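The values are calculated or read from the model by the stated rules, or taken from the named source; none is laboratory data. Just so it is clear, the structure is predicted and the values come from calculations on it, not from any experiment. Backbone-built Cβ (ideal geometry, glycine too); neighbour counts: all protein chains shown.
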Amino acid sequence: MAGCGAGCSGVGWSASVERTDVTALREQHAVISTRLYTGKTQVNVIADNSPGSGFDPVEPTLEDAYFAAIGGHLGTNGAAAGQVVSEGAVYASAAR
């Protein structure tokens with residue numbers, strides 16, 4: 001993905017799922033955001049590989065990096081407080 005940068009190991013994935021499926025997805029994957037859209041829940045996940053059927057790769061955004069950070073999905077290689085990083089670097093760290 002163009003926005004990930006050279007060090008990005010994780011990719012953003014998105015799918016529309018039933019609301020009842022969200023809890024199981026959260027237990028199995030790094031779900032960084034959800035939103036209701038046309039009666040279904042749009043789920044964004046960080047993963048090296050597709051989380052499953054129905055997920056499409058998506059370009060990571062600054063919003064995705066923010067939600068990964070506040071959602072506790074950053075690994076030990078995450079940025080220190082106040083450190084400037086690119087979206088791809090935060091995304092790569094969150095996928096670990």
- prompt: Considering the range 37-47 alone, what residues qualify as being polar (S, T, N, Q) and assigned to a strand (DSSP E or B)?
  reply: Thr41, Gln42, Asn44
- prompt: Take the residues of the range 9-61 that are among the acidic types (Asp, Glu) and touching a residue at least 24 places away in the same chain (Cβ under 8 Å): which is farthest from His73 (Cα to Cα)?
  reply: Asp56
task: Report yes if Val90 is at pLDDT below 50 and crowded, with 17+ Cβ neighbours inside 10 Å, otherwise no.
output: yes
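Listed here are the residues, each with its yes/no results for (1) loosely packed, with under 11 Cβ neighbours inside 10 Å; (2) in contact with a Pro (Cβ under 6 Å, 6 or more places away or on another chain); (3) modelled with pLDDT under 90; (4) not in a strand (DSSP E or B).
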| residue | (1), (2), (3), (4) |
| --- | --- |
| Val31 | no, no, no, no |
| Arg35 | yes, no, no, no |
| Ala68 | no, no, yes, yes |
| Gln83 | yes, no, yes, yes |
